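Here's the structure we're looking at; comments come further down.
The values are calculated or read from the model by the stated rules, or taken from the named source; none is laboratory data. What you see is a predicted model; the values in this text were computed from it and never measured. We place every Cβ from the backbone using ideal geometry, glycine too, and count neighbours over all the protein chains shown.
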Amino acid sequence: MDFKIILGIVLAGILSENYALLHFLGTGAVLENERSSRQSLTLGLGTTLVMLISTLITWPINNYLLVEVPYLQTMVFVFVVLLVVEVIHMIARKIVDNYCHAHFVKFAINGAVLGLCIHNTEADYLTAIVTSVAVGIGFMLTMTLYAKIESTVDEEAIPAPFRGIPIALLTAGMIVLALLALQFKF
Amino acid sequence: MKKTKTSYLLRGTPSILLVLGAGFVMASSADIRAALGMGAAVLVSMLLSAVVVSAIHKIIPGYAKLPTYLMIITGFVSLISMLMQAHFPIVVDMLGVHLATLAVSAVIYRDCEECADHNGEATSIKTALVTGLFFTVVMVACALIREVIGNASIWGQPIELLQDYKISAIAGAFGGYLVLAIVMAVINKLTGLHHHLDEKEDN
């Protein structure tokens, strides 16, 4: 795999194939997020790690153990993601000072992680690993950017029925319009 | 029981649920068939999970609730996915990976955690039915708008009259956000939910 392909995958994962905004995977986690940009960045980093480790484990399981029983894919993948998230949560609690993300477990188990693991089964192992990092970075940047933009929205200037979630959706829609202008492909 | 239902629906839950499930509402609302399929999947999996969780919640220790509930939901989602694959393969193709990701959907999990975990079977079934039907109606409403305006078709059949006037962006990702935002604003206006939320912020 040469540098151009890796760069293409990374750019696609962050921009034109952004999971949270364009593929609607993990969108709820991004829209519901009311944390500061800094906390969003930390949670996003944790989710990226979950995506990478989950892909490292689920790809071989899918290609070697689930060949005869493909209908167990979702159950096995959810189980692996659960295990990975719990282990990262336990380690982070012990080694990170002021670890305050009590909701990390619920946050990190989202559609983006499971969807990525399922998508990655169609690629080769190396591509799957690069894709998981790229999608994770894209997810992290989306969360941070969205948290920053949402904190600057002046609710008073918005018609009452559009306050809250509708304006949050429209804000995300505007970011989507900008991303749609870019057409990098995996 | 009446108190539980009223508080569940009035404390802004429909809006919160729609945000948690915004991903699959938008993903499945480009076509009415997909919206109905996803609506049915959400409704049935939510209902079955609520029944099982409300029946066993007393014997599950607190630290094991998340993994147990998630695996229960995943089991039902896998079952529904296989049934749909057998009977409605076109709908499963339309929904793609989103049908599987329903297993980790915060909507179903939160319904189990907040309602089925604290109530009996009857209340849990009622709440799951109300929530599932609410989701299905919103998804179908969004799908109707997006399919007619974005694809100039309905139930996959082209509408000749609208072919020259269709706006393709509405059927795409941006249309998903735009249409859901408008539908939610209409829900807020009709239910007066924004007044409730404003009051909550003031307090």
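Is there a residue being assigned to a helix (DSSP H, G or I), modelled with pLDDT of 85 or more and surrounded by 20 or more Cβ atoms within 10 Å (Cβ to Cβ) anywhere in segment B:188-199? Scanning segment B:188-199 turns up no residue that is assigned to a helix (DSSP H, G or I), modelled with pLDDT of 85 or more and surrounded by 20 or more Cβ atoms within 10 Å (Cβ to Cβ). The single condition from (1) in a helix (DSSP H, G or I); (2) loosely packed, with under 14 Cβ neighbours inside 10 Å; (3) not small (Gly, Ala, Ser) that residue A:81 fails is (2).
The number of residues in segment A:14-30 that are at pLDDT 85 or above and in a helix (DSSP H, G or I) comes to 7.
With respect to the conditions (1) part of a helix (DSSP H, G or I); (2) surrounded by 14 or more Cβ atoms within 10 Å (Cβ to Cβ); (3) out of contact with any Leu (no Cβ under 8 Å at 6 or more places or on another chain), residue A:123 lacks only one, and its number is (1).
Residues in segment B:58-71 that are part of a helix (DSSP H, G or I) and surrounded by fewer than 21 Cβ atoms within 10 Å (Cβ to Cβ): B:58, B:59, B:62, B:63, B:64, B:65, B:66, B:67, B:68, B:71.
Checked against the criterion of being polar (S, T, N, Q), under 19 Å from the mean Cα position of the chain (by Cα) and over 22 Å from residue B:187 (Cα atoms), the candidates A:131, A:171, A:152 yield just one match: A:131.
Residue A:43 - would you say it is away from chain B (no Cβ under 13 Å), closer than 25 Å to residue B:78 by Cα and of a type in the set (A, V, I, L, M)? In short, no. Here A:48, A:42 are screened, and the one residue that is at pLDDT 85 or above and of a type in the set (S, T, N, Q) is A:48.
All conditions in (1) within 18 Å of residue B:100 (Cβ to Cβ); (2) away from chain B (no Cβ under 13 Å); (3) within 16 Å of the chain's Cα centre (by Cα) hold for residue A:59, with the sole exception of (3). More than 18 Å from the chain's Cα centre (by Cα) and assigned to a helix (DSSP H, G or I), is that true of residue A:76? So residue A:76 fits the description; yes. Just one of the listed residues (A:81, A:130) is within 13 Å of residue A:51 (Cα to Cα) and within 8 Å of chain B (Cβ to nearest Cβ), and it is A:81.
Restricting segment B:72-96 to residues that are surrounded by fewer than 18 Cβ atoms within 10 Å (Cβ to Cβ) and closer than 21 Å to residue A:24 by Cα, which is nearest to the chain's Cα centre (by Cα)? Among those that are surrounded by fewer than 18 Cβ atoms within 10 Å (Cβ to Cβ) and closer than 21 Å to residue A:24 by Cα, it is B:96. Within segment A:150-176, the residues that satisfy the criterion of being closer than 20 Å to residue B:174 by Cβ, assigned to a helix (DSSP H, G or I) and more than 8 Å from chain B (Cβ to nearest Cβ) are A:150, A:171, A:174, A:175.
Here is a yes/no grid of residues against (1) within 11 Å of chain A (Cβ to nearest Cβ); (2) among the polar types (S, T, N, Q); (3) farther than 19 Å from residue A:106 by Cα:
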| residue | (1), (2), (3) |
| --- | --- |
| B:39 | no, no, yes |
| B:50 | no, no, no |
| B:53 | no, no, no |
| B:60 | no, no, no |
| B:74 | yes, yes, no |
| B:92 | no, no, yes |
| B:96 | yes, no, yes |
| B:99 | yes, no, yes |
| B:102 | yes, no, no |
